[in-house]
Amino acid sequence: GPVCHAGGVVHDGRGLMLAADQEAGKTTLTAGLVRAGCDYLSDEAMAFDAAGVITPFPKPLSIDPGSWHLFPELEPHADLPSSAYKDDQWQVPVEAIRANAVGVACQAGWIVFPRYEAGAPTALEPVHRAEALIELARNTFHFADRSGELLDQLADIVRDAAGHRPGGGPLAAAARPPRSR
């Protein structure tokens, strides 16, 4: 199945997928949603099986310097001769955010295409399914090489999930999952 460049969590038994390019805020939103009570799937890649079920990929979250002020409690501390291991990025196991926070395989309920814009108001706007399919294909690894095979699978995922595009804004508002439909 397809593997998308995305972070994601489980909310109310369904996957909330954050599909976007690098530096769009996927990890920041994922960490905030886990801290708020959602279960963690990944901050890097969302893999789907042939039935469209997300397989968790619970690697440590890679938190960049621009988000460190939002998660000061997650700063890694190791007994090493140098702090170079955390100078450019923090590798944070999800258990540092919340114990037992790794989610289980689930269907996608929402697909969100985040983008961070400093100072922009936080809003969550619906995205038409055709636009969601294009965005998801754009964020799918090796889509160009396997487009014929992957397009139908992505269409099934989009058909069953509500697509949204948030405006950039404060994490506190953006890190709340959409309401169940």
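Comparing region 1-149 with the 2.2 N^0.38 Å rule of thumb, its C-alpha radius of gyration ratio is 1.08 (two decimals).
What is the sum of charges around R159, taking Lys and Arg as +1, Asp and Glu as -1, for the other residues whose C-beta is under 11 Å from the C-beta of R159?
Net charge around R159: -2.
The portion of the accessible surface of the chain made up by carbon and sulfur, rounded to a whole percent, is 55 (1.4 Å probe; DNA, RNA and ligands excluded).
Over the chain, average the accessible area per residue using a 1.4 Å probe and give it in Å², no decimals. Heavy-atom accessible area per residue stands at 50 Å². Over the residues of the chain, the helix contribution to mean residue ellipticity at 222 nm works out to -7000 deg cm²/dmol, using -39500 (n - 2.57) for each DSSP H run of at least 4.
As a ratio to 2.2 N^0.38 Å, the alpha-carbon radius of gyration for region 86-164 is 1.40. Using only alpha carbons, region 37-80 has a radius of gyration to Kirkwood radius ratio (Rg to Rh) of 1.11. Working note: Karplus 6.51/-1.76/1.60 with θ = phi - 60° gives region 117-125 the couplings 10, 4, x, 6, x, 8, 8, 10, 10 Hz, where Gly and Pro are set to x.
Close amide H partners of C38, meaning residues 5 or more places away or on another chain with modelled amide H under 5 Å apart, do not exist here.
The values are calculated or read from the model by the stated rules, or taken from the named source; none is laboratory data. Please read all numbers here as calculations on a predicted model, not as lab measurements. A quick note on method: Cβ atoms are made from the backbone with ideal geometry, for glycine too, and the neighbour counts reach across all protein chains shown. When the accessible area is computed, the model is the full protein with side chains, heavy atoms only, and any ligands, DNA or RNA have been set aside. Shrake-Rupley method; radii C 1.70, N 1.55, O 1.52, S 1.80 Å.
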